[in-house]
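No value in this document is a laboratory result; all are computed from the given coordinates. As the structure is a prediction and not an experimental result, all values here were calculated from the model. Positions of Cβ are backbone-derived with ideal geometry, glycine not excepted, and every protein chain shown enters the neighbour counts.
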Amino acid sequence: MSDLVDDCIAIVICRVSAPRMMRFRAPSALVIALLGVYLVTIAMMGCNITWLVGTDSHGNRVDRRSMKTRCGCNCVGERPRKCPPGDSARDMSVAKRQTTDEISRLIDIIVREGIRRDHILEEADGKLLINIARNCSSTKDSSGEYLGIAGTESVSSVKNDSSLVLTDVMSAFQGKWKKNETLFQEMKRDLTSCCDAESSFLTKRNVRVGEILPNVLNKKLPLKMTRDMYRNLIKDWPLKHKRFNKCAVVGNSGILRGSHCGASIDSADAVFRCNLPPLGKKIYQEDAGVKSSFTTAPLSMLKSYAKMNEESVREQFLKDMEQYSGILSAKKPNNYTKYMIDSIAAARGGELQMVYEHPHHFLRTNTYWNNHGIPKKITSGIYLLSMAMTRCDEVHVYGFWPFPYDDKGDAVGYHYYEAPVFTKDSHDMPLEFMRVRRLHQDGVIQVHMRCSRDLR
């Protein structure tokens with residue numbers, strides 16, 4: 001393959017790897033792929049490319065170009081041919097450089113168009129968020145503070161077009177969904193390269209005694225890995241090298257109520273759940289299912305079992321954990337979670353395994369989304385979605401809806417079960433949801449708001 005093709009490939013790699021590009025757009029991919037095929041073909045045939053540049057009536061160069069292929073002459077290379085009169089190796093080198101520069105210009109245009117489209121889509125999402133806040137703030141219990149968007153930088157500065165309401169948001173999930181395998185695989189590669197699930201837990205292989213780790217919950221209080229904490233760590237990632245066909249990522253929004261999605265969720269090969277949701281109660285099973293493969297366990301919910309050295313508390317903890325299987329992930333080690341790990345290991349064997357989240361993995365995942373349109377700290381939902389993307393061939397999402405009303409104007413609970421509501425936090429759930437919505441529209445993941453009863 002000629003140096004020209006090598007140069008062009010390098011240009012393509014540099015341009016499409018630009019950090020502002022969230023994902024590779026299909027039209028851009030098609031144009032660059034066709035251009036690459038053309039370049040490879042003419043290089044193999046021993047042809048050269050020149051650009052025909054238009055000029056105006058005064059002889060000035062104008063931006064009107066076409067590409068012309070000239071075959072049968074190769075003045076440079078291992079097997080040079082005789083050049084026509086007036087053509088030298090230097091001329092061919094200059095022509096090659098001009099061609100490479102021109103291709104670079106064309107690819108820059110393609111990339112800029114992709115970035116411009118992202119800005120347009122983000123602005124449209126911002127309009128929706130602004131008008132949701134405007135429409136919901138008329139009620140006493142549905143302020144902008146509840147939505148998490150009042151006074152934040154998460155929305156566009158464009159504040160008109162009040163006709164955009166929740167019906168516009170919900171409309172994205174109606175009709176037939178089609179997977180875009182190209183975009184899915186690209187995002188999967190991006191997340192795997194920075195945030196593969198195999199590095200998500202603290203293990204005896206990826207941390208050592210005395211190591212200082214960042215504290216995701218409080219940056220001012222870093223965590224020192226003591227010998228006692230190290231003893232509780234697992235040896236290696238429990239699902240090493242394992243892949244899943246269909247995965248379900250389940251949020252806890254009240255939108256799950258009446259969704260009839262329980263059977264669809266339980267049909268997945270792996271189910272990722274947030275923040276110890278209730279699975280044992282029959283009133284929730286039809287909508288939320290009962291299966292769990294990976295469940296996050298926030299310290300705020302584990303504090304009720306802080307006196308794990310007492311037998312009654314330990315028994316209550318084990319009883320409450322009976323509804324979960326697979327992996328239970330705690331945010332960080334402390335003086336009572338070590339008793340939890342020992343208790344689960346003794347009572348449940350390999351049916352349930354409690355682990356610690358690796359702070360470096362969470363921070364890398366958080367940085368990934370910071371660079372892709374979510375400026376604040378990500379929620380457990382987005383974190384689990386990212387993990388599922390690196391391990392699964394299909395990702396289905398349920399229970400994501402951060403607004404107090406649905407598209408019909410009916411109230412939607414903060415959770416599908418009774419639980420305290422915490423509104424003052426560091427997350428931006430509406431903005432996160434709009435990113436999830438965009439991934440659904442792009443065919444990367446499939447979001448389910450309602451499911452068919454026929455799956456039962």
Protection proxy ranking, peptides 274-282, 226-234, average beta carbon neighbours within 10 Å, highest first: 274-282, 226-234
Other-chain or far-sequence residues with amide H under 5 Å of Gly289's (modelled H): Gly262
For segment 175-455, with +1 on Lys and Arg beta carbons and -1 on Asp and Glu, the positive-most of Met389, Leu213, Val412 along the dipole: Leu213
Difference of contour (0.36 nm per residue) and Cα-Cα distance, Lys240 to Lys303: 19.7 nm
Net charge contributed by nearby residues that have their C-beta within less than 12 Å of Ala297 (K/R +1, D/E -1): +2
Residues whose placed amide H lies under 5 Å from that of Ser329, excluding near-sequence neighbours: Thr295, Thr296, Ala297, Val355
21 Å Cα-Cα threshold exceeded, pairs from Lys291/Lys332; Lys219/Lys331; Lys220/Lys331: Lys291/Lys332
Sites Asn371 and Glu310, calculated FRET efficiency, Cβ-Cβ separation with R0 51 Å, nearest 0.05: 0.65
Whole-number D in µm² s⁻¹ for segment 358-456, Kirkwood Cα-pair radius fed into Stokes-Einstein, 10 °C, 1.306 mPa s: 105 µm²/s
Phi to ³J(HN,Hα) by Karplus 6.51 cos²θ - 1.76 cosθ + 1.60 over segment 199-209, Hz, x for Gly, Pro: 9, 7, 10, 6, 10, 5, 8, 10, 8, 10, 4
Distance in nm between pseudo-label sites at Lys281 and Asn206 (7 Å out along the Cβ direction from Cα): 3.5 nm
Relative contact order of segment 175-455, pairs being alpha-carbon contacts under 8 Å that are 6 or more residues apart, as %: 28 percent
Added length on full extension, which subtracts the Cα-Cα distance from 0.36 nm per residue, Lys408 to Tyr230: 58.9 nm
Virtual paramagnetic centre 7 Å along Cα→Cβ of Leu217, amide N under 18 Å, in segment 324-344: 328-342
Cα centroid separation, segment 177-237 to segment 280-326 (Å): 23 Å
